[in-house]
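Engineer: There's a structure below that I have some questions on.
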Amino acid sequence: MFTGTYTAIVTPFKNGSIDEPALERLIRSQIRGGVDGIVPVGTTGESPTVDYDEHIHIVALSVKFAAGRIKVLAGTGGNSTSEAVYLTEHAEKVGADGSLQVAPYYNKPTQEGLFQHFREVARKTKLPLVLYSIPGRCGVEIAIETVARLARECKNIVGIKEAGGNSDRVSQLRAALGPRFEILSGDDALTLSFMAVGAQGVVSVVSNVIPRQVSQMVKAFAAGKSKSALAIHQKYYPLFKDLFIETNPVPTKAALAMLGQIQEEYRLPLVPMAAKNRELLRATMKKCGLLK
């Protein structure tokens, strides 16, 4: 259902508002690049700084611009269960194909709290849900046992985006959940190592900039062409790292602006890159053949 390459797409802004023409261009670029889907309004889409109406509008625009050619896995999680339910219900109404549900952040619920949170969201929608475990941002990890319990009790919880930086956890998830539960890497630099032990793709930040190359890498590995996949990984590994030299999505937006695809605009508390890091990113993009 949600395997392959899913781009955690940025939200372009212009003069403080959503830049709808730029978003359409980005999504068309993703389609041409061969990705399987996009994830609007996740962390990379600056979900913390858009209001509810904007959030829903970005999902609706993404559905409109994707036009059924790629899937839309809407980022509609939250640290308030009622907020996550509200956003997910509206994502379903505007035609999203599924929802990415991040672990509640900052308030650090127990595993029982996580279970009840995700179960409540699952009860309120018919959309398939992909959990998102990223303890580095959320302060909590969705335990293997909690994932397995949710999968047993909620038939529309179909997968997880794993961003804990540990391939052993992917092995544990696969052993606990079986072959049908979908596991996606949440870290571009670890995609191949995660796929080697059972993941089926990636929710990628880097594919904002190089959708075709990331898609080709994932498809090659899935097809057993590990040498081809590794060659792509090695060529673009410097970019995989330098797009996280500052807080995501700041470097990715800077890179897209260098390529002339968007205005480089953020909402506070995010700010433009430091000059030293910007030059490092520019040099890496040149090295990778993306800039002259």
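The values are calculated or read from the model by the stated rules, or taken from the named source; none is laboratory data. Keep in mind that what you see is a predicted model, and the values were worked out from it rather than measured. All Cβ positions, even for glycine, are placed from backbone atoms using ideal geometry, and neighbour counts span all protein chains on display. Ligands, DNA and RNA are excluded from the accessible area calculation, which covers all protein heavy atoms including side chains. Shrake-Rupley method; radii C 1.70, N 1.55, O 1.52, S 1.80 Å.
Engineer: If we sort 114-120, 275-281, 211-217, 15-21 on the protection proxy, mean other Cβ atoms within 10 Å, highest first, what's the order?
Structural biologist: 211-217, 114-120, 275-281, 15-21
Engineer: Moving to a separate point now. Quick check on segment 147-237: what are the equivalent-ellipsoid semi-axes from the Cα gyration tensor, as sqrt(5λ), descending, whole Å? Working shown, then result.
Structural biologist: Values: eigenvalues 122, 33, 25 Å².
Largest first, segment 147-237 gives 25, 13, 11 Å.
Engineer: Now, a different point. For a 19 Å ceiling on Cα separation, which of these pairs sit above it: K241/K286; K124/K155; K14/K93; K93/K124; K71/K108?
Structural biologist: Working: K241/K286 15 Å; K124/K155 13 Å; K14/K93 27 Å; K93/K124 12 Å; K71/K108 31 Å.
Over 19 Å Cα-Cα: K14/K93; K71/K108.
Engineer: Further question on the same structure: For E89 paired with M1, estimate the spin-label separation in nm (one decimal), with each label point 7 Å from Cα along the Cα-to-Cβ line.
Structural biologist: Roughly 2.1 nm, to one decimal.
Engineer: With an 8 Å cut-off on Cα pairs and a minimum separation of 6 or more residues, tell me the relative contact order of the chain in percent.
Structural biologist: Details: 549 pairs, mean separation 53.5, N = 292.
It rounds to 18 percent for the chain.
Engineer: How far apart, in nm, are two points set 7 Å out from the Cα along the Cα-to-Cβ line at T110 and at A274?
Structural biologist: Once both label points are built, they end up 4.2 nm from each other.
Engineer: Highest mean first, how do 199-210, 54-65 rank when packing is the count of other Cβ atoms within 10 Å averaged over residues? List each step's numbers first, then the result.
Structural biologist: Details: 199-210: 26.9, 54-65: 21.1.
Put in order of decreasing packing, that is 199-210, 54-65.
Engineer: When the chain is modelled as a GNM with alpha-carbon springs shorter than 10 Å, which of A151, A274, A175 fluctuates the most?
Structural biologist: A274
Engineer: Quick check for you: which residues of segment 132-173 have the amide N under 13 Å from the point 7 Å beyond the Cα of R119 toward its beta carbon?
Structural biologist: 146-155
Engineer: Arrange the peptides 137-147, 32-42 so that the one whose residues have, on average, the most other Cβ atoms within 10 Å appears first. Mind showing how you got there, number by number?
Structural biologist: Working: 137-147: 18.2, 32-42: 23.9.
Order by mean packing, descending: 32-42, 137-147.
Engineer: Kindly report the accessible area of segment 37-141 per residue (heavy atoms of protein chains, probe 1.4 Å, no ligands, DNA or RNA), in Å².
Structural biologist: Details: 4200 Å² over 105 residues.
Here the per-residue accessible area is 40 Å².
Engineer: Which residue fluctuates the most in the chain, going by a Gaussian network model with Cα springs under 10 Å, if the choices are Y52, Y236, Y132?
Structural biologist: Y52
Engineer: I would also like to ask the following. Please label the shape of segment 101-158 as rounded, prolate or oblate, based on the square roots a ≥ b ≥ c of the eigenvalues of the alpha-carbon gyration tensor (a/c under 1.5 means rounded; beyond that, a/b larger than b/c means prolate, else oblate).
Structural biologist: Prolate.
Engineer: Let me ask something else. What length, rounded to one decimal in nm, is gained on full extension from K287 through to A222, with 0.36 nm per residue of separation minus their alpha-carbon distance?
Structural biologist: Details: separation 65, 0.36 × 65 = 23.40 nm, distance 2.72 nm.
Separation in residues times 0.36 nm, less the Cα-Cα distance, equals 20.7 nm.
Engineer: Once both labels are modelled 7 Å past Cα along the beta-carbon direction, what's the S17-A196 spacing in nm?
Structural biologist: The modelled label-to-label distance comes out at 4.9 nm.
Engineer: Moving on. Taking only the alpha-carbon atoms of segment 33-94, what semi-axes of the equivalent ellipsoid follow from 5 times the gyration tensor eigenvalues under a square root, in whole Å, largest first?
Structural biologist: Numbers: eigenvalues 80, 29, 20 Å².
Equivalent ellipsoid semi-axes, largest first: 20, 12, 10 Å.
Engineer: How many angstrom lie between the C-alpha centres of segment 21-72 and segment 208-237?
Structural biologist: 23 Å
Engineer: Pick from A220, A148, A67: which is most flexible by mean-square fluctuation in a GNM of the chain where alpha carbon atoms under 10 Å apart are linked?
Structural biologist: Evaluated over the chain, the most mobile residue of the options is A67.
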